[in-house]
């Protein structure tokens, strides 16, 4: 978040709305857009202090700003509260698969959240708020939460710290139910088994979104990502796993709609297949991508397995990747760029069914190895 010297004399108000709004750290952009601070719930009243290009500048607290695309802000005539919100009582409880931290607030306020590792911690920052929390009830049913705490880090910013029992993150959701902000944390199963995991498989592109083209064959990326996805689906089902496919045919599906579709099934992890392309035909290799450093172990495990395939070179393990499919915090995710369609050697591999089967097998092995590390 950015620091500011002082608030402008005039501010406007807006309500966050729309489909999967995301706060951004800046107005900077490349082909994937500006770096994102994370998804945020709708129905939150915010201060709008500036308009830059396609974004509004939001004043989250006295010293913090963020940016949000204008189509996610509905201007309102409401008078903004003159006082900060209050953070009230908390409850921490567990269910069959999840633990829930419920934070009482006097009204909905903006927030950001992130994951830290070694130890596994979820951090939340609440903006425009002061603490009046004198009561945190933690029930024994919350078996995955080691401890929760908070700090008033600025006059109108509260930082929440949630330390987990497990050493690897398995994901969490965050959003409002009334005036309570709820974090629903996925707990490590007592015995991790692939048969108990729901795997989401995404075939990148599709329909009018054709993706890259082969340098010699001119095949389209969309037609081959689904081949890799189907091979992995077939293998996972054979092993008794539950599988969700974001697409099963050549259809045009917006990435936001893919995520909303997945949210209804609550998968345990996501693998998204893509094929790379570069400006130089000499560039080649396989790479895996993650947005959240807490999910790097999955992407590294899959990459290590893929590099055992003969003739497949390494392009790398890429972090802080600002692509929509790997931005959710709800489940670990890995985007796989199998190889380069713009490289003749890689392209020849991509066209082979035997190679497609090998890739699926190695992705499965990577998931299996990662799962073993949870114990």
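According to a simple spin-label model (label point 7 Å from Cα along Cα-to-Cβ), what is the distance in nm between residue 42 and residue 116?
Simple spin-label model gives 3.3 nm for this pair.
Could you list 256, 266 so that the one with the fewest beta carbons within 10 Å of its beta carbon is first and the one with the most is last? It would help to have the intermediate numbers written out before the result.
On the way: 256 13, 266 17.
Listed from fewest to most nearby Cβ atoms, that is 256, 266.
Using packing as a proxy for protection, rank 99-107, 246-254 so that the peptide with the highest average count of other Cβ atoms within 10 Å comes first. Spell out each step's value before the answer.
Numbers: 99-107: 19.8, 246-254: 14.8.
With the highest mean Cβ count within 10 Å placed first, the list reads 99-107, 246-254.
Report, in whole Å, the centroid distance computed from the Cα atoms of segment 11-50 and segment 78-147.
Cα centres, segment 11-50 to segment 78-147: 21 Å.
In Å, what Kirkwood hydrodynamic radius results for segment 194-372 from the alpha-carbon pair distances? Write down the numbers at each step before the final one.
Numbers: mean 1/r = 0.0627 Å⁻¹.
Result for segment 194-372 stands at 15.9 Å.
On average, how much area does the Cα convex hull of segment 85-186 cover when viewed from any direction, in nm²?
Mean projected area of the Cα convex hull: 5.8 nm².
Compute the helix-to-body angle for 221-238: its Cα long axis versus the longest principal axis of the chain, expressed 0 to 90° and rounded to tens.
Approximately 90 degrees, to the nearest ten.
Could you give the length gained by full extension between residue 348 and residue 216, i.e. 0.36 nm per residue of separation minus their alpha carbon distance, to one decimal place? Walk me through the numbers on the way to the answer.
Values: separation 132, 0.36 × 132 = 47.52 nm, distance 0.92 nm.
Between residue 348 and residue 216, full extension yields an extra 46.6 nm.
What percent antiparallel are the DSSP beta bridges of the chain, to the nearest 5? Show your work: numbers first, answer last.
Details: 69 of 94 bridges.
Roughly 75 percent of the DSSP beta bridges within the chain come out antiparallel.
Please compute the Cα-Cα pair-distance distribution of segment 12-76 with 5 Å bins starting at 0, giving whole percents from short to long.
Spelled out bin by bin, segment 12-76 gives 4, 19, 33, 28, 13, 3, 0 percent.
Is segment 130-281 rounded, prolate or oblate when judged by the Cα gyration tensor, a ≥ b ≥ c being the square roots of its eigenvalues, rounded requiring a/c under 1.5 and prolate requiring a/b larger than b/c?
Values: a/c = 2.86, a/b = 1.92, b/c = 1.49.
Note, shape of segment 130-281 comes out prolate.
Only counting other Cβ atoms within 10 Å, I'd like 334, 236 sorted with the fewest neighbours first.
Values: 334 28, 236 21.
Least to most surrounded, the residues fall as 236, 334.
Which order do the peptides 340-347, 45-52 come out in when sorted by mean C-beta neighbours inside 10 angstrom, highest first? Numbers along the way, then the final one.
Details: 340-347: 22.5, 45-52: 17.1.
Listed from highest to lowest mean packing, they are 340-347, 45-52.
I'd like the orientation of helix 353-372 relative to the chain: the angle between its Cα long axis and the longest Cα principal axis, in ° from 0 to 90, rounded to 10.
Once rounded, the angle reads 40 degrees.
Using only the alpha carbons, work out the radius of gyration and Dmax of the chain in angstrom.
Values for the chain (Cα only, Rg and Dmax): 22.1, 67 Å.
Alpha carbon centre of segment 267-316 versus segment 152-168: separation in Å?
Here the answer is 32 Å between Cα centres.
To the nearest Å, what is the center-to-center distance of segment 188-237 and segment 325-375, using C-alpha atoms only?
Between the Cα centres of segment 188-237 and segment 325-375 lies a distance of 8 Å.
In what sequence, highest mean first, do 161-174, 221-234 appear when ranked by Cβ atoms within 10 angstrom? Numbers along the way, then the final one.
Working: 161-174: 19.5, 221-234: 21.6.
Result, highest mean Cβ count within 10 Å first: 221-234, 161-174.
If you take all C-alpha pairs in segment 21-122, what percent of them are over 22 Å apart? Walk me through the numbers before you get to the answer.
Numbers: 2190 of 5151 pairs.
When every Cα pair of segment 21-122 is considered, 43 percent fall beyond 22 Å.
Computed from the coordinates by the stated procedures, all read-outs in this text should not be read as laboratory data. If you're wondering where the values come from, they're calculated on a predicted model, not measured in any experiment. Positions of Cβ are backbone-derived with ideal geometry, glycine not excepted, and every protein chain shown enters the neighbour counts.
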